[in-house]
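Engineer: Quick one: this structure, given as structure tokens, is what I'll be asking you about.
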Amino acid sequence: MKKKFSIAVLAVALVSSLFLTACGSSGDSKGSSDDELVFWAMGDEASATKELVKGFTEETGIKVKVQAIPWDNAHDKMLTAIASKSGPDVVQVGTTNMAEFVEAGALEDISKEVKDSDNMKPENFYDGAVETTQFDGKTYGVPWYTETRVLFYRTDILKEAGYDHAPATWDEFHDAAVKLSKRGDDKYGFVIDPNELSLGFMFGRQNGSELISKDGKPLFDQKEFVDAIKYLDSFITDGAAPKQDLGLDLTQAFSGDDPTFPMFISGPWMVNTLQTTAPDLDGKWAIAELPKGSANNTSVLGGSNLSVFKYSDHKEDALKLIDYLSGKDVQKEYLDKTKNLPANVEAWDYKEIKDDPNYQVFQKQLEASEPMPLIPQYEELGETYKKYWEQISVNGEDVDKAMKEFNQEAETILSK
């Protein structure tokens, strides 16, 4: 994503542009009928969400208009809604965007309603998911679905390299990747996604880094984080991972008798992708919890929350909808339709989930997962890290030097 200007500045520009636009746009809650809720659902999940809310309408009589918002447009769409004080009643918010929109005053404080609800109370959800909804002692959302990153690996190819199990430690991970890269030209053991904002931060935590101190100071030039980046860079320098994006489709690069990448790190969506688009790989791949670094094997906890838009005229009904969607039965139905992991812990007790080995790996990894820093500047920070990682991986920049410069730039970003 592009770096973001401050919400205040951008919102002013958007307000001006609104004078050129009709007031009753398709994204307006005020553009719908008075007794109809507007729900902004993001990405491909919107079609499944339309099916879910039918049960809510049957139960309550409240109509819901689900509007599909592409993730790429979601941020600017919200800024427009904030500037015009006219938008949805319920909005799906990515966990890394919560802090930014809370600071902008876009989301309603629903602390009391969440505490008093059987479906929405924090005890129902993974702690890390709840953490993404709470700021300064107040609650601004309810976990909708969650996700984490795990290791995908070709069981057959690793066995040929002497591994009848997934690498369990950093040492094993690096060793396996190097051995796999010796299969021939243009063959690697692992691929590092250069577009993944969280990867370096995740490895930093596994090496004991706090990333940002309690008083808001970046720690990216400290030994724990620097050594983690040196570890990642060792895959590049040892030929176990390519220097940059090769432009290959990940599924294809993972397929075949001699795959380009026999290991990669990704989320639950890739399980469904492999099962549906590469059925010939059935029985030749598996997933595992991430290899453990010097401190832990902490992964990234992501996903989405449901929030009430600050300027909604239907806040009471909006909360009823969120309450309905938070129930374990509805969460299980959403999993069936989208393969998104339930944030409601009790939804994991269904037999279909308990009997699925892939879901069990994700459940274990979720217990060792944390959200990215819950700060408004997170995505700008991540984009800045990507810039320095490219200097290291592609240009061979010294890691100590690059991380010192990154930390200095991070100080400026965090001071905004």
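Engineer: Multiply the residue gap between E390 and K115 by 0.36 nm, knock off their C-alpha separation, and tell me the result in nm, one decimal place.
Structural biologist: Value of the extension gain: 94.5 nm.
Engineer: Please report the projected area of segment 294-354's Cα convex hull averaged over all directions, in nm².
Structural biologist: 6.3
Engineer: Continuing with the same structure: Output wanted: per-residue J couplings in Hz (rounded whole) for segment 126-139, from phi through Karplus 6.51 cos²θ - 1.76 cosθ + 1.60, θ = phi - 60°, x for Gly and Pro.
Structural biologist: 4, 4, x, 5, 4, 4, 6, 9, 10, 9, 6, x, 10, 10
Engineer: Ignoring solvent entirely, what values of log10 I(q)/I(0) come out of the Debye formula for segment 123-209 at 0.13 Å⁻¹ when each Cα is a single scatterer?
Structural biologist: Here the Debye-derived log intensity ratios amount to -0.64.
Engineer: Which percent of Cα pairs goes in each bin when the distances of segment 206-319 are cut into 5 angstrom slices starting at zero?
Structural biologist: 2, 8, 12, 14, 15, 14, 11, 9, 8, 6, 2, 0
Engineer: Around K292, which amide H atoms from residues at least 5 apart in sequence, or from another chain, sit under 5 Å from its own amide H, with H modelled in the peptide plane?
Structural biologist: For K292, whose amide H was placed from the backbone, the distant partners under 5 Å are T169, W170.
Engineer: While we're looking at this one, here's another question. Step through the table entries K243/K292; K187/K337; K138/K292, compare each Cα-Cα distance with 27 Å, and write down the pairs that go over it.
Structural biologist: Distance filter (> 27 Å) returns K187/K337; K138/K292.
Engineer: Right, another one. Rank W71, N207, F101 by how far each Cα sits towards the positive end of the charge dipole of the chain (+1 on Lys, Arg Cβ; -1 on Asp, Glu Cβ) and give me just the farthest.
Structural biologist: F101
Engineer: Place a +1 charge on the Cβ of each Lys and Arg in the chain and a -1 charge on the Cβ of each Asp and Glu, then give the dipole magnitude about the Cα centre in debye, rounded to the nearest 20.
Structural biologist: Using Cβ point charges on Lys, Arg, Asp and Glu, the chain gives about 500 debye.
Engineer: Okay, moving on. Evaluate the distance, in nm, between pseudo-label points positioned 7 Å from the Cα of N296 and of E51 along their respective Cα→Cβ axes.
Structural biologist: For the pair N296/E51, the computed spacing is 3.6 nm.
Engineer: How much length, in nm to one decimal, is gained on full extension between K364 and D280, taken as 0.36 nm per residue of separation minus their Cα-Cα distance?
Structural biologist: Stretched fully, the K364-D280 segment lengthens by 27.5 nm.
Engineer: Go ahead and set up a Gaussian network model of the chain, Cα springs under 10 Å, then flag whichever of S234, S307, S299 fluctuates most.
Structural biologist: S234
Engineer: Another question, if that's okay. Over the alpha carbons of the chain, what is the largest minus smallest coordinate on each principal axis, giving the biggest first in Å?
Structural biologist: For the chain, the Cα extents along the three principal axes come out at 65, 50, 37 Å.
Engineer: Roughly how many Å is it from the Cα centre of segment 347-365 to that of segment 289-328, as a whole number?
Structural biologist: Taking the Cα centre of segment 289-328 as reference, the centre of segment 347-365 is 19 Å away.
Engineer: Please give, to one decimal in nm, the separation of the simple spin-label points placed at D44 and D398, each 7 Å out from Cα toward the Cβ.
Structural biologist: Inter-label distance under the simple model: 4.5 nm.
Taken together, the values in this text are just the output of simple stated rules run on the coordinates, not laboratory data. Not measured: the values here are computed from a predicted model. Methodologically, a virtual Cβ is constructed for each residue, glycine included, from the backbone with ideal geometry; neighbour enumeration extends over all protein chains shown.
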